[in-house]
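Below: one structure in structure tokens.
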Amino acid sequence: MSATGLNNTEKKAAFSLATVFGLRMLGLFMILPVFAIYGQQLAGYSPIWIGLAIGAYGLTQAMLQIPMGILSDKYGRKPIILAGLVVFLMGSIVAAMSDTIYGVVFGRALQGTGAIASAILALAADITREEQRPKVMATIGMFIGLSFTAAMILGPIVAQSFGLSGLFWLTAILTVFAMAMIQFMVPHTVNKAPKGDNIALPEQILTLIKHPQLSRLNAGIFILHMALTACFITLPKQFVASGLALEQHWKLYLPALLGSFFLMVPFMIFAMKKQKEKQMFTSAVLLLALSLLLLWYLPLGFWSLVILVVMFFTAFNYLEATMPSMLSRLAPAGVKGSVMGIYSSSQFLGAFAGGVFGGVIASKFGEQSIFLVMSILCLLWCVVTLGMKPLKKSKSFSFTTSLQSEEQADEVAEHLINMPGVLEATLVYQESVAYLKIDEKLADILSIKALLNPQQN
């Protein structure tokens, strides 16, 4: 297996998982540019209930990411992802059929209970080698960003043609496509960790939350999404004030997001090749803080907004793409789902808090003050990153295997994880490949190869 590029299994995993994440987020993002307007047609409308309808999803997501991550550690990634998508589908249908704001709030809350982000990220980590994982995570991050851009274009069009219910019906249809991709395109894996380490118990969850390195990343993703959500309380108004009509905002979002992806790739390559991940990470946080500070300080015309938005999203997308990879490398073997659950809960809580906190700041000190407060929080985050330890380059190997069935793969994986020096084993028997995290000083490579290819012995 080449260590310099994605192999076929990793390419398939990256595309399919990123598409599932993107389709799901597209359905959620589409209501953002239109809900405050079209929600007025619902019985029981009030600004408070509009806020609850938007925030209910993020709150239930945050509450259930950790339990869903634990369940994915115990029962497998794909079954939990599919179950979450079924619940998400039910929530979309409830919201589509509701003619009251209360029904939409319930539907949105039900959508949030299908909390599968942690399981998807853990599955992506299972299937990929550590040196290739940043590329896969970046692909997922890119699809989320592209889904946001697509949503800004499609949301008003769908709502104008089919009403608010049409947005939720389209979300339901996209969810069915996502379920089909999980079932038929995502490679099936058998993952084993050391005995007794497969399920994170409550006391282990507390230990993971307090972990000095993991906690820095969890706090970071909280601040990152708080800043994003809070800033979008006022950014669209800034665009209108600069002369860009609401229906034309996609003309700014599209080049800004695409430009930020183009700019962040060289930094990611440099960080990985030169092993400067910590330094580049801190620099990205600093760039985020600087863009927010300038949004507060400078008089904002159209072109200054374009430049600062590109700066913001370059930093945002770099951090969004690299943090899950860093997290998965720091996660103890066998509890990646639980670690990703804590991380995803922090992310959604940040988004929920950003909406609430941003609204309070705007009402008390003016909307422009949002940028200043978020900049200060990002500067504090920058200080916290200075205490991060440089990531050690661990050894992750891929092997060919001749295993023919899930039962055989499960039995072999159990043997592998009990061998000296084998820290973690992921078998993708349908693709004839196995990924192992091993201690080279203790592991017997020949015995591992013999176990993975029993027909050759």
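So which of LYS74/LYS210; LYS12/LYS278; LYS251/LYS273; LYS11/LYS251; LYS276/LYS437; LYS210/LYS389 end up more than 27 Å apart by C-alpha?
On the way: LYS74/LYS210 22 Å; LYS12/LYS278 29 Å; LYS251/LYS273 35 Å; LYS11/LYS251 31 Å; LYS276/LYS437 22 Å; LYS210/LYS389 16 Å.
From LYS74/LYS210; LYS12/LYS278; LYS251/LYS273; LYS11/LYS251; LYS276/LYS437; LYS210/LYS389, over 27 Å: LYS12/LYS278; LYS251/LYS273; LYS11/LYS251.
Which angle from 0 to 90°, rounded to the nearest 10, does the C-alpha axis of helix 250-273 make with the longest principal axis of the chain?
Computed tilt is about 30 degrees.
What percent does the relative contact order of the stretch 396-456 come to when contacts are Cα pairs within less than 8 Å and at least six residues apart?
Working: 94 pairs, mean separation 26.3, N = 61.
About 43 percent, as a whole number.
Moving to a separate point now. Would you mind checking the tilt of helix 277-297 against the longest principal axis of the Cα atoms of the chain, expressed as 0 to 90 degrees and rounded to 10?
0 degrees
May I pose another question? Mind running the shape call on the stretch 396-456? Use the C-alpha gyration tensor, a ≥ b ≥ c as the square roots of the eigenvalues: rounded below 1.5 for a/c, prolate if a/b tops b/c, oblate otherwise.
Working: a/c = 1.68, a/b = 1.64, b/c = 1.03.
Verdict is prolate for the stretch 396-456.
Still on this structure, I have one more. What order, most packed first, do the peptides 251-258, 38-45 have when packing is the mean number of other Cβ atoms within 10 Å of each residue? Intermediate results must be reported in sequence, preceding the final value.
Details: 251-258: 17.8, 38-45: 14.5.
Per-residue Cβ counts within 10 Å, averaged per peptide and sorted highest first, yield 251-258, 38-45.
If packing is taken as the mean number of other Cβ atoms within 10 Å per residue, what is the order of 138-145, 437-444, highest first?
Highest to lowest by the protection proxy: 138-145, 437-444.
Applying 1/(1 + (r/R0)^6) with R0 = 35 Å to the Cβ-Cβ distance of VAL360 and LYS389, what FRET efficiency is obtained, to the nearest 0.05?
Values: r = 36 Å, r/R0 = 1.02.
That gives a FRET efficiency of 0.45.
Counting Lys and Arg as +1 and Asp and Glu as -1, each charge on the Cβ, what is the dipole of the chain about the Cα centre in debye, to the nearest 20? Numbers along the way, then the final one.
Values: 30 positive and 22 negative charges, 193 e Å.
Computed about the Cα centre, the dipole is about 920 debye.
Which order do peptides 26-33, 353-360 fall in by mean Cβ count within 10 Å, highest first?
On the way: 26-33: 22.4, 353-360: 18.9.
Most protected by this proxy first, the peptides run 26-33, 353-360.
Separate question: Rounded to the nearest Å, what's the spacing between the alpha carbon centres of the stretch 171-186 and the stretch 405-443? Just the number, please.
The distance from the Cα centre of the stretch 171-186 to that of the stretch 405-443 comes to 29 Å.
Which listed residue (GLN41, TYR343, ALA115) has the Cα farthest towards the positive end of the charge dipole for the chain, taking +1 on Lys and Arg C-beta and -1 on Asp and Glu C-beta about the Cα centre?
Result: TYR343.
Need the C-alpha centroid separation for the stretch 277-328 versus the stretch 59-127, integer Å.
Between the Cα centre of the stretch 277-328 and that of the stretch 59-127, the gap is 29 Å.
Output needed for the chain: three equivalent-ellipsoid semi-axes, defined as square roots of 5 times the C-alpha gyration tensor eigenvalues, in descending order, whole Å. Before the final figure, lay out the partial values.
Values: eigenvalues 297, 129, 72 Å².
With the √(5λ) rule applied to the chain, the semi-axes are 39, 25, 19 Å.
Relative to the compact-globule scaling 2.2 N^0.38 Å, provide the ratio for the alpha-carbon radius of gyration of the stretch 1-192. It would help to have the intermediate numbers written out before the result.
On the way: Rg = 17.3 Å, N = 192, 2.2 N^0.38 = 16.2 Å.
The reported ratio for this selection is 1.07.
Still on this model: Could you give me the ³J(HN,Hα) list for the stretch 206-218, computed from phi with Karplus coefficients 6.51, -1.76, 1.60 and θ = phi - 60°, whole Hz, x at Gly and Pro?
4, 5, 5, 5, 8, 3, x, 8, 5, 5, 5, 6, 5
Normalised by the residues of the chain, what does the relative contact order come to in percent, with Cα pairs under 8 Å and at least six apart?
Values: 758 pairs, mean separation 106.0, N = 457.
23 percent.
We did not get these values from a lab; they are worked out from the coordinates using the rules stated. Worth saying up front: this structure is predicted, and the values here are computed from it rather than measured. Neighbour counts run over all protein chains shown; Cβ positions are idealised from the backbone, glycine included.
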